[in-house]
Every structure is written in structure tokens, then in C-alpha cells.
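Okay, so here's the structure we're looking at.
The values are calculated or read from the model by the stated rules, or taken from the named source; none is laboratory data. Just so we're clear, the structure is a prediction, and the values are computed from it rather than from any experiment. Because the Cβ atoms are built from the backbone with ideal geometry, glycine has one as well, and the counts that use them run over all protein chains shown.
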There are 2 protein chains.
Amino acid sequence: MKAHVSSILLGVEDMERSKRFYTEGLGWKVERDYRISVFFKSDGGSLVGFYGRDGLAADVGTSPEGSGFTGMVLTHVVRSEARVDEVLAEAEKAGATILKPAATQPWGGYGGSFADLDGYIWNIGYSPRGKNQPYAE
Amino acid sequence: MKAHVSSILLGVEDMERSKRFYTEGLGWKVERDYRISVFFKSDGGSLVGFYGRDGLAADVGTSPEGSGFTGMVLTHVVRSEARVDEVLAEAEKAGATILKPAATQPWGGYGGSFADLDGYIWNIGYSPRGKNQPYAE
């Protein structure tokens, strides 16, 4: 199996609420809206899509029950500390919960994190050491 | 904020066990091993990395407690039904739990799903309708 994530599917409680958060709040653009699922235009990296949480669980053959930390974090690496601050402010204004305000990290980077309306966690970061991948923005 | 996932971080219980599953079991290659985190060479899409589960939770400012369905699914879209079967067999041999054996889906595609050693879910699929993105393999 190749190390390739085609898409990241997030099970959401309220599709319209989540669409508003990501489009009106964060400025993402819908690429395909199948009503039971929505995919966003990707600016690089894996596609992101939504399904209803129960439907997604059924689709992969598991129970929808679950709570607490998912164990998964999505990162978004930007080109400056100022951009970290801007993205976190934009997310908070859109209704996200700031979990960790932006701060300099022990290893020298700068970043902070937020949870979206369903609790999915994004870590927004900047690293002065350069990365092996392009910056998200 | 751009619609770009730089990397997907998975909190794992046992770093060495998870590394063996993804490298020896699935054939992935380690790109950077920082001991507290491991990143794999990406064949396209977002990078995938591991952290210890507790450390990852602390890093993003949340409690590590959590159980059940994470609400998130990683997909891997391949070019044939036969390849779906092969990837699922490879994952099962490596110790994954098959959640849904490969079968034709109501919408015409073909796929199945597995959970890795920490319960993270992969959906392996083939779609005859073509995709807006390259196949993973």
C-alpha cells in the first residue's frame, strides 16, 4: 500500500453548519456537493470531505459511538508567525474553539491549535527551519 | 485559511509497533524519525506522521481521554477492484482488523475498510466513474 491519503473524511453532526464554518468562516470552496457528502477544492495535500457522522461510521462498518480526543490532528503549516496569528483569529471568529493560543514552541517553532465545530483539531504552525513540503500558504 | 492539510498526525500507543505495521506490514518508508515523532515519505497527498497519543494531546492543548469512533476516516483510492482486494489482504496480514470486507457499493464503486493497530480507519476504494484526483496507486 502506498503512503497516500486520497482524502480525509470528517463525520459531522450538522452538514450545513459545518459547510458554513469552512466556507463562510474559513473561505474554503466547495468542489462537489452530493448532499450526503461534501468535498472541498484542495489547495494541495489530501482532499477534505464531510459525511454525516452516523453515515460515515456505517459506511466503514463501525459504530458511531465515540467521544473525547480522536487521537488525530490536522496540521496547517504557514510561512510566518503573523500568518499563524491570522489563521487562528479567523477560525475563532468563525466559531472555532482555541485550544492552545499561538506561542513559541520548545523546539523553536511557533503555533497554536483550534477545534472546529465537531471538535476536529487543527494545529496551525510555522517552523523557522524549513520543511520538506511546500507551505500551505 | 487555505484548504490545505500539511500533515495528518496520528497519536499512537506504541510507536515501534505502529512503525512496524506501516513499514514492514504496508511497505511505507520513514522519512524523518525524531523518536517522539515519525513522518513517512508521502506518495502524494498530505504527509502522515505519528506522535505518542498523550504527547499529541498535550501538544494541541486537550485531554488524551477518548474512545470509540473518532469520526475521521482516511481514504485510499486505487485504480482497480483487484488492487482494493490486495491492499486489504496486505493490511490484514500486517495485523489490521478488517471492518468491512471489500464489496460493491450502492453507488457503483467497490471498496472495504480496515482499522490499524490504534483503531484508525482506512477506506480502500475503487470508483469506475473516475476521480478529480490521481489514483493513489
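Odds and ends about this structure:
- Against the numbered list (1) under 14 Å from the mean Cα position of the chain (by Cα); (2) touching a residue at least 60 places away in the same chain (Cβ under 8 Å), A:V48 comes up short only at (2).
- On the stretch given as segment A:14-44, residues that are in contact with a strand residue (DSSP E or B) (Cβ under 8 Å, 6 or more places away or on another chain), surrounded by 13 or more Cβ atoms within 10 Å (Cβ to Cβ) and not in a strand (DSSP E or B) total 9.
- For segment B:89-111, a residue qualifies if it is crowded, with 16+ Cβ neighbours inside 10 Å and touching a residue at least 60 places away in the same chain (Cβ under 8 Å), and the qualifying residues are B:E90, B:A91, B:A94, B:A96.
- The residue that is nearest to A:A136 (Cα to Cα), counting only those in segment B:45-55 that are buried (at least 16 other Cβ atoms within 10 Å of the Cβ) and of a type outside the set (G, A, S), is B:L47.
- Checking A:F69 against (1) under 17 Å from A:G11 (Cβ atoms); (2) within 9 Å of another protein chain (Cβ to nearest Cβ); (3) out of contact with any helix residue (DSSP H, G or I) (no Cβ under 6 Å at 6 or more places or on another chain), the condition it does not meet: (3)
- Candidate set from segment A:112-133 (those that are modelled with pLDDT of 80 or more, more than 9 Å from chain B (Cβ to nearest Cβ) and closer than 19 Å to B:V48 by Cα); member that is surrounded by the most Cβ atoms within 10 Å (Cβ to Cβ): A:Y126
- For segment B:16-30, the set of residues classified as farther than 11 Å from B:L117 by Cα and touching a Gly at 6+ places or on another chain (Cβ under 8 Å) consists of B:G25 only.
- Any chance A:A58 is hydrophobic (A, V, I, L, M, F, W, C) and either within 20 Å of A:G11 (Cβ to Cβ) or crowded, with 19+ Cβ neighbours inside 10 Å (or both): yes
- One residue alone among A:E81, A:E65, A:E86 is in contact with a strand residue (DSSP E or B) (Cβ under 7 Å, 6 or more places away or on another chain), charged (D, E, K, R) and surrounded by 13 or more Cβ atoms within 10 Å (Cβ to Cβ), and that residue is A:E81.
- Any hit, segment B:40-58, residues being farther than 29 Å from A:P64 by Cα, at pLDDT below 95 and touching a Ser or Thr at 6+ places or on another chain (Cβ under 9 Å): yes
- Top-ranked residue in segment A:72-111 [being at the interface with another protein chain (Cβ under 8 Å from one of its Cβ atoms) and in a strand (DSSP E or B); ranked as nearest to the chain's Cα centre (by Cα)]: A:L74
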